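Since the structure comes first, as structure tokens, the remarks are kept for the end.
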Amino acid sequence: MRIARLFQWLKWPAILGLVLTMLSVLLIFFFQDALIFQAEKLEPSFGFSFTVPFEEIYIETDDGETLNALLFSPSDSSKGLIIYFHGNSGNLKRWGEIASALTRYNYHVLVFDYRGYGKSTGKSTEQGLYADANAVWLWAQQNLKPNKIILFGRSLGSAVASHLASKTTPDLLILETPFNNLQGAVNPVFRPLTRIFPLRYTFPTIDRLGQATCRKLIFHGTNDLIVSLHSALQLKKVLMPVDEFIVIEEGTHDNLSEFQLYQTKLSEALQ
């Protein structure tokens, strides 16, 4: 009798747990756009302020959207151009600060907000971000005519940069905290559920990386709780002997630039 009561008592927490899990999955499925593209808008009148000299520009896409971008120019920018593809959250107010630090290597740095982010128009989608990347590449080729172009992708931006690298001819592709594909970036606990409620986007970094002919440099940390090292390591399957995959011990999703190994390898690549 006591055992029957015990089972009767235990079944309600089990049912509640199941209901909460299913609700979480449904929320992830129906609101996945908001989870993937965590854009923060900026008023058109917003004024940027950075320590590195910059120019604010606007780039038109083939499908009629307008992208807000920043071009940072150090006193010596003779080496070429770095196009920076930022992560899935925030806007240029944050990412401009991060990208501008790359001017220390004597490159122009061009960073832009994807459609739907910051002052950029439109709605974020996977194909839309690819179109944005292509528009920025064409603008740089036509207006800056750099002798060397490096694509630098961070997190979600790694997938966008890899896609562009597979369609164009950059001199170097740098990826920081990338994933093999979007499903690989999903928490392992929820990954089986994506078979029931498929993700609308794929962002197949591994496929595009295998098609890119330029040299690649990849950074990832062992303590990354946003994108697992396991997901990123899948990318090694498509790398060439000249490419490098650098694992930063104790590195997280947001602090790799603080490590000496990262700084050394990046400096070597940007010589």
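The values are calculated or read from the model by the stated rules, or taken from the named source; none is laboratory data. Everything numeric in this text was worked out from a predicted model, so none of it was measured. Positions of Cβ are backbone-derived with ideal geometry, glycine not excepted, and every protein chain shown enters the neighbour counts.
Conditions first: (1) modelled with pLDDT of 95 or more; (2) more than 19 Å from the chain's Cα centre (by Cα). Residue 271 passes all but one, so which condition is the exception?
The number of the failed condition is (1).
Restricting the search to the range 39-79, which residues are of a type in the set (S, T, N, Q), under 22 Å from residue 124 (Cα atoms) and out of contact with any Asp or Glu (no Cβ under 8 Å at 6 or more places or on another chain)?
45
When the range 49-82 is examined, which residues are found to be under 24 Å from residue 269 (Cβ atoms) and among the acidic types (Asp, Glu)?
76
Quickly run through the range 160-182 and pick out the residues that are within 24 Å of residue 36 (Cα to Cα) and out of contact with any Leu (no Cβ under 8 Å at 6 or more places or on another chain).
If the condition is that a residue be within 24 Å of residue 36 (Cα to Cα) and out of contact with any Leu (no Cβ under 8 Å at 6 or more places or on another chain), then 163, 167, 179, 181 are the ones that fit.
Is there a residue in the range 138-158 that is among the hydroxyl-bearing types (Ser, Thr, Tyr), free of Cβ contacts under 8 Å to residues at least 40 places away in the same chain and not in a helix (DSSP H, G or I)?
Within the range 138-158, not a single residue is among the hydroxyl-bearing types (Ser, Thr, Tyr), free of Cβ contacts under 8 Å to residues at least 40 places away in the same chain and not in a helix (DSSP H, G or I).
Of everything in the range 147-158 that's at pLDDT 95 or above and not aliphatic (A, V, I, L, M), which residue is farthest from residue 85 (Cα to Cα)?
Among residues in the range 147-158 that are at pLDDT 95 or above and not aliphatic (A, V, I, L, M), the one farthest from residue 85 (Cα to Cα) is 148.
Condition first: under 20 Å from the mean Cα position of the chain (by Cα), surrounded by fewer than 16 Cβ atoms within 10 Å (Cβ to Cβ) and either within 16 Å of residue 101 (Cβ to Cβ) or of a type outside the set (A, V, I, L, M, F, W, C) (or both). Now tell me which residues in the range 238-253 satisfy that.
Result: 244, 252.
If residue 180 satisfies all but one of (1) within 19 Å of residue 61 (Cα to Cα); (2) part of a loop (DSSP other than H, G, I, E, B), what's the number of the condition it fails?
Unmet condition: (1).
Condition check ((1) within 20 Å of residue 102 (Cβ to Cβ); (2) assigned by TED's automatic domain parsing to the domain that holds residue 127; (3) in contact with a strand residue (DSSP E or B) (Cβ under 7 Å, 6 or more places away or on another chain); (4) modelled with pLDDT under 95) across all residues:
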{"residue": "160", "(1), (2), (3), (4)": "yes, yes, yes, no"}
{"residue": "167", "(1), (2), (3), (4)": "no, yes, no, no"}
{"residue": "172", "(1), (2), (3), (4)": "yes, yes, yes, no"}
{"residue": "178", "(1), (2), (3), (4)": "yes, yes, yes, no"}
{"residue": "182", "(1), (2), (3), (4)": "no, yes, no, yes"}
{"residue": "196", "(1), (2), (3), (4)": "no, yes, no, yes"}
{"residue": "210", "(1), (2), (3), (4)": "no, yes, no, no"}
